[in-house]
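Remarks on the structure that follows.
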Amino acid sequence: MPLSERENYLRTVTMTGPEWMPCGVGISGASWDQWRGEMEAVLVRHPTLFPRFKQGKRNFDAMDFGPAHRAGEAFTDAWGCVWRSAVNGLEGQVEAHPLDDWSKLESYRAPDPMTQDDRGPMDWRKARRHIAKARRERRLTSGGLPHGFLFMRLWYLRGFENLMLDVAAGAPELPRLIELVAEHDRARVRKWLDIGVDMMEFGEDLGTQTASIISPAAFARYVAPVYKSLMGPCRDAGCQVALHSDGYIMELMDQFIECGVTIINPQDLCNGIDDLAREVKGRICIRLDIDRQRIVPFGTRREIRDLIEEEVRKLGSPAGGLELGAGIYPPTPPQNVDALCSAMEEFRTYWWDGRGVCRQTSAGLDAREPARLA
């Protein structure tokens, strides 16, 4: 009997022998707005990756891009941060920070995690029903915190430049603000664990193109203790811990693992495929974020296929430990998305269909030995 989607995923994460590599492609609202029916046609051609997609359900002339994703619209989130986007379907930036002056901290209150989500009401009863339905259908269950749950939340509240100076100077108010955000996050984590999920998702962007935004020493001082307080209870409950971060994060990787991360979602070319293979492979599961800066948006079909092949061969194994994910943003054309989907479909079973292992030879090679790169 084939593995369920949930069983296969958990075997991938725990490196205990899945039957295929999880792959996913997410289309941004901006790309839907740009390509419309042409993008729909791509998804229809790839039902393996989009099994629940229904063509024609999206009204392209009345798309709701969601809070903080509507061009020109000012949106105030539950924390009092004012967002504005320049492009429909792309998240904007915070243009007004409620704690831009420390004098405002005394009277500031975090939103109620039991009733408010970052950008709307929080319905925990609905969340519980959704998780129960997924569990009955043998699908993976997950909870999590909104993107930008801690470090990014601090700069949303303070402003980026202010926060960098706070960290550099050791502002005496900073620990109090961190604890205010952490207390809110811990309450949400406890609620998800009470509901019962297979995996908790944490996400914020900690890297620039070439280095982490915060130094390893400052991360250890200000961020890691909160990460441990959020992720430790998840691990104690037998829950997998996934962390996403854009940018270069290799210098923080050891601390992520120490904090309790079991699934890391790094960008591929920014961090380096070979470096990820050398320093991360086999330690925790890699949910690889496929290039969205150069090859996928601008490359040829062959270049896209070659990238996926290289990543699967270097970072994957018969035991698992690798999944592929890609976000599609302008100006990536539909034909490149099609090439990406085709490559994922081609290589998703690479390690289990005979291509990724050496066959028995007169030299007596182990049949499970990874194939060598040419």
Check your understanding: Do you know which of the residues in the range 114-140 that are in contact with an Asp or Glu (Cβ under 8 Å, 6 or more places away or on another chain) and in contact (Cβ under 8 Å) with a residue 60 or more places away in the chain is surrounded by the most Cβ atoms within 10 Å (Cβ to Cβ)?
Key -> L140
**Study point:** Cross-chain or 6+ apart pairs with Cβ under 8 Å, the range 69-94 first and among the acidic types (D, E), then in a loop (DSSP other than H, G, I, E, B)
**Key:** D77/P67; D77/A68; D77/D118; D77/R119; E91/A68; E91/H69
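Suppose the filter is of a type in the set (A, V, I, L, M, F, W, C) and touching a strand residue (DSSP E or B) at 6+ places or on another chain (Cβ under 8 Å); does L269 pass it?
Working: of a type in the set (A, V, I, L, M, F, W, C): yes; touching a strand residue (DSSP E or B) at 6+ places or on another chain (Cβ under 8 Å): no.
Answer is no for this residue.
Quick one: which of V197, V261 is touching a Leu at 6+ places or on another chain (Cβ under 6 Å), of a type in the set (A, V, I, L, M, F, W, C) and assigned to a loop (DSSP other than H, G, I, E, B)? Let's see the steps before the verdict.
On the way: V197 fails: touching a Leu at 6+ places or on another chain (Cβ under 6 Å).
When all the criteria are applied, what remains is V261.
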Review point. So M344 fits all but one of (1) surrounded by fewer than 22 Cβ atoms within 10 Å (Cβ to Cβ); (2) over 15 Å from the mean Cα position of the chain (by Cα); what number is the exception?
Key: (1)
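Being in a helix (DSSP H, G or I) and closer than 26 Å to P113 by Cα narrows it down to one of A218, A224, so name that one. Outline the logic, then answer.
Working: A218 fails: closer than 26 Å to P113 by Cα.
That would be A224, the only listed residue that is in a helix (DSSP H, G or I) and closer than 26 Å to P113 by Cα.
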Practice item. Output yes when any residue across the range 15-26 is free of Cβ contacts under 8 Å to residues at least 60 places away in the same chain and under 20 Å from V87 (Cβ atoms), and no when none is. Key: no
Practice item. Kindly indicate which of A127, A74, A78 is in contact with a Pro (Cβ under 6 Å, 6 or more places away or on another chain) and either in the same structural domain as D33 (by TED's automatic domain parsing) or at pLDDT 95 or above (or both). Key: A78
Practice item. Please go through the range 107-145 and pick out each residue that is in a loop (DSSP other than H, G, I, E, B) and touching a strand residue (DSSP E or B) at 6+ places or on another chain (Cβ under 8 Å). Key: T115, R119, M122, L140, T141, L145
Exercise for review: Tell me which residues, restricted to the range 67-94, are touching a helix residue (DSSP H, G or I) at 6+ places or on another chain (Cβ under 7 Å) and farther than 15 Å from G148 by Cα.
Suggested key: H69, V87, N88, G89, L90
Exercise for review: Report whether or not G325 is closer than 16 Å to M21 by Cβ, part of a loop (DSSP other than H, G, I, E, B) and modelled with pLDDT of 95 or more.
Suggested key: no
Point to revise | Conditions (1) surrounded by fewer than 18 Cβ atoms within 10 Å (Cβ to Cβ); (2) assigned to a helix (DSSP H, G or I); number of the one not met by A319 | key: (2)
Point to revise | Qualifying residues in the range 216-272 (those that are without any contact (Cβ under 8 Å) to a residue 40 or more places away in the chain and small (G, A, S)) - the one surrounded by the most Cβ atoms within 10 Å (Cβ to Cβ) | key: G260
Check your understanding: Of the residues that make up the range 228-239, is at least one touching a Leu at 6+ places or on another chain (Cβ under 9 Å), of a type outside the set (D, E) and outside any helix (DSSP H, G or I)?
Key -> yes
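Test V13 against the criterion of being β-branched (V, I, T), surrounded by 15 or more Cβ atoms within 10 Å (Cβ to Cβ) and not assigned by TED's automatic domain parsing to the domain that holds D112, and give yes or no.
On the way: β-branched (V, I, T): yes; surrounded by 15 or more Cβ atoms within 10 Å (Cβ to Cβ): yes; not assigned by TED's automatic domain parsing to the domain that holds D112: no.
When the stated conditions are applied, V13 does not pass them.
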Practice item. Report whether or not G148 is under 22 Å from the mean Cα position of the chain (by Cα) and either assigned by TED's automatic domain parsing to the domain that holds V82 or on the phi > 0 side of the Ramachandran plot (or both). Key: yes
Exercise for review: For residues that are part of a loop (DSSP other than H, G, I, E, B) and not polar (S, T, N, Q), scanning just the range 200-215, find the one that is surrounded by the fewest Cβ atoms within 10 Å (Cβ to Cβ).
Suggested key: A211
Point to revise | Yes/no for D100 being in a loop (DSSP other than H, G, I, E, B) and either at pLDDT 95 or above or in contact with a helix residue (DSSP H, G or I) (Cβ under 9 Å, 6 or more places away or on another chain) (or both) | key: yes
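The values are calculated or read from the model by the stated rules, or taken from the named source; none is laboratory data. Source: prediction; values computed, not measured. Positions of Cβ are backbone-derived with ideal geometry, glycine not excepted, and every protein chain shown enters the neighbour counts.
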